[in-house]
1. Less than 13 Å Cβ to Cβ from Met353, Lys/Arg counted +1 and Asp/Glu -1: what total charge do the surrounding residues give?
2. Out of (1) 212; (2) 145; (3) 117, which label holds the value of volume of the Cα convex hull per residue in Å³ that was computed here?
3. Using 0.36 nm per residue, how much length does the chain from Thr241 to Thr262 gain when fully extended, once their Cα-Cα distance is taken away?
4. Name the residues of the range 222-264 whose amide N is less than 11 Å from a point 7 angstrom out from the Cα of Thr281 along the C-beta direction?
5. For Trp177 and Asn324 in one chain, what is 0.36 nm times their gap in residues minus the Cα-Cα distance, to one decimal in nm?
6. Counting only protein heavy atoms and a 1.4 Å probe, tell me what percentage of the range 362-409's accessible area is made up of carbon and sulfur.
7. In nm, give the distance between the simple-model label positions of Thr385 and Thr103, each being 7 Å from the Cα along the Cα-to-Cβ direction.
8. Which order do the peptides 37-43, 145-151 take when ranked by the mean count of other beta-carbon atoms within 10 Å per residue, highest first?
Amino acid sequence: MFKIQLKQFLLLTLLSFTLFSCFEENEIPDGVPLEPKLEGMYVYGSNTIASAATDPTARMNRAVLDPGKGAKVNNMPGIYGQFMYVGANSTLQFTEAKEGVSTVYGAVGGGTRGVGTSAGHTGFTDEFIYGTLEANAPAIQVTDEGLYYVFVNSNDKTFRMVRVQGNIIGDATPGQWATSTALPMVYTSKDSTVFEAKNIPLKGAAGYRYRIGNGWEVFNDNNIVTFTNFGVPNYGVAWDTRINNIGYYTDNIPNHDNGMFTVRLKYTAATGAWKETKIRTGDLLINYANTQVGFFGNAYYLPSGAEGAWNEPYEVKLPTLNGNTYTWTWEDVRLIEGREFVILENGTWGGLMFFYNNNLARTGEAFTSGKISNPGTNENFLVATGGTYDITLSINGVTDAKTLNIVSN
């Protein structure tokens, strides 16, 4: 009995020694990072969403590309783009897993800093961190905390990073399509980032888009064009439902009502989704104080006594303001029977234009009696009965409702 127990003990001891020796032999030495198993590009670093290449959040997605520009595709092999939180004074590295081999990349000097034009990008004026990825080079240096968009072309090993600076731009905004309105960052973390501005005047029945900086694409070489601005899937559907599901869409986002708004744009890291919140905080008084309006046509006598012609403006003037209403008034206008006219900003084409049927309320005895009517072949005003008239154009600066009143003397 004792001999059997001794043999068993010796056998167990030998087995334990063998297993321990195998474990020691295959143990990963300290300081050697684990390598990712799936092919692709990985980004990670200090004080960010992933501390190592093997973290699930380190693996980059293919960059969303603009299907209406360049190669007109949604994505390309080897072209990566990702939004990610990066803390202050952080370092980033990239690892590419390809054909069973993992290569760790940095950049000479920790990357170069410069505005878009210095990075060979004329359409983006914010600062980039950019360069060429090189194996075993120093990690990329990031000074400022924030949400970043990271772009990598693994084919030529170029990369770009830009700190997101939210803004809103479009017909509904103060600068229309020429100048954006900033949405400063008010909160950021690994989980979410919020951009917000208060008391932004927005026009109703107009469109806009959100951008991540002062430019449209983080990368554009006329073939690869990143989609880094946001719209809605369908303007008409968004208008009818009053639901703006914003994302990588080409249709502009509708704004229904004139007013002052708090505009909030939020990014959620877990879903990669963007969401807007607009809170109306007050009335918007559209400023028409410096808008000159006059006549254009051949239906009136000029101050010289000559008949008007379709080649020069007539009686161009500024409005008066009473409460929220801007009013342009013309008294004793001599109109010629059988002739036509329209009312235009600066008395010429472009800007505000007022036609017979053009979201314009028509009031006054001249309309109700048919003395001023419509030719039926266009949207001009036809003088059916010649004579002297008082004409008043009014615009409500809050609702933007327009009214034309004409009465005969």
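The values are calculated or read from the model by the stated rules, or taken from the named source; none is laboratory data. The model shown is predicted, which means the values in this text are computed figures rather than measured ones. For neighbour counting, all protein chains shown are included, and Cβ atoms are generated from backbone atoms with ideal geometry for every residue, glycine included. Protein only, heavy atoms only, side chains kept; ligands, DNA and RNA dropped before computing areas. Shrake-Rupley method; radii C 1.70, N 1.55, O 1.52, S 1.80 Å.
1. -1
2. Given (1) 212; (2) 145; (3) 117, the calculated one carries the label (1).
3. Taking Thr241 through Thr262 to full extension adds about 5.5 nm, to one decimal.
4. 260-264
5. Stretched out fully, the Trp177 to Asn324 stretch lengthens by 50.3 nm.
6. Working: 950 of 1940 Å².
The computed percentage sits at 49.
7. Between Thr385 and Thr103, the label points sit 8.7 nm apart.
8. Peptide ranking by packing, descending: 145-151, 37-43.
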